[in-house]
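Presented below is the structure to which this report refers.
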Amino acid sequence: MKNNIILIGFMGCGKSTVGKQLSRSLGWLFLDTDEEIEAREQTTISEIFKTRGEACFREMETAYLKELLEKKGKENHVIAVGGGLPLKEENQELLQKLGEVIYLKASDETIYERLKGDKKRPLLQTQNPREKIREMMEQRKEKYQNCAKREIVVDEKTIAEIVEEIRSL
Ligand code: S3P
């Protein structure tokens with residue numbers, strides 16, 4: 001296993017929750033690209049989408065990844081990345097250089113159940129979030145699979161079980 005673990009997957013698959021617990025159990029540090037961008041910009045992702053647009057947010061994601069790679073000594077980190085970050089080919093290469101990429105795979109239904117009342121994800125603030133999740137998952141799943149060396153099905157597993165499964169890879 002390389003010296004960083006990167007968790008990718010659709011919104012609501014548990015990247016941050018699993019990542020925090022995994023980092024604790026390994027004694028590693030935890031980073032979340034969404035949280036880092038919000039802290040730097042001193043605002044929320046929703047606000048960035050609203051005032052500057054999605055394309056601008058995507059540039060911030062790539063810039064942040066590049067920065068992480070340039071920082072020598074950024075090792076022993078568990079890094080949770082935003083659900084859309086691994087879609088760009090450039091980002092996929094950066095992620096693979098940065099560490100071992102693991103895809104947390106959740107079904108559309110699991111995602112919908114977890115996120116149906118969510119107000120923080122701008123891309124899901126639509127009339128029919130269930131259909132939107134289905135469409136986005138259809139477009140994205142192959143990219144997640146191609147980007148990650150390994151995948152873990154998370155439906156019906158506890159956080160502790162997922163952490164153990166990652167540790168046993
Ligand atoms: C997005 C996922 C979000 C956040 C933004 C866009 C996406 O992160 O980066 O709302 O395109 O899937 P989470 O996957 O942590 O919810």
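Just so it is clear, none of the values below were taken in a lab; they were calculated from the coordinates. What you see is a predicted model, and the numbers here were worked out from it, not measured in a lab.
Given 0.36 nm per residue, what is the gain on full extension from residue 97 to residue 155 after removing their alpha carbon distance, in nm?
Numbers: separation 58, 0.36 × 58 = 20.88 nm, distance 2.83 nm.
Here the segment from residue 97 to residue 155 would lengthen by 18.1 nm.
Grab the DSSP H runs of the chain that are 4 residues or longer, score each as -39,500 (n - 2.57), total them, divide by all residues and round the 222 nm result to the nearest 500 deg cm²/dmol.
Details: 8 runs with 92 residues, N = 169.
Theoretical 222 nm ellipticity from helices: -16500 deg cm²/dmol.
P(r) for the range 57-169, please, calculated from all Cα pair distances in 10 Å bins and given in %.
Pairs per bin, as whole percents: 12, 39, 38, 11, 0.
Let me know the volume per residue of the alpha-carbon convex hull for the range 65-105, in Å³. Walk me through the numbers before you get to the answer.
Details: hull volume 3.0 nm³, N = 41.
Convex hull of Cα atoms, per residue: 72 Å³.
Give me the extension gain from residue 167 to residue 75: residue separation times 0.36 nm, minus the current Cα-Cα distance, reported in nm with one decimal.
On the way: separation 92, 0.36 × 92 = 33.12 nm, distance 1.66 nm.
Contour length minus the Cα-Cα distance gives 31.5 nm.
Any idea what diffusion coefficient the range 1-55 gets from Stokes-Einstein, in µm²/s, Kirkwood Rh on alpha carbon pairs, 25 °C, 0.890 mPa s?
Working: Rh = 12.8 Å.
Translational D for this selection: 191 µm²/s.
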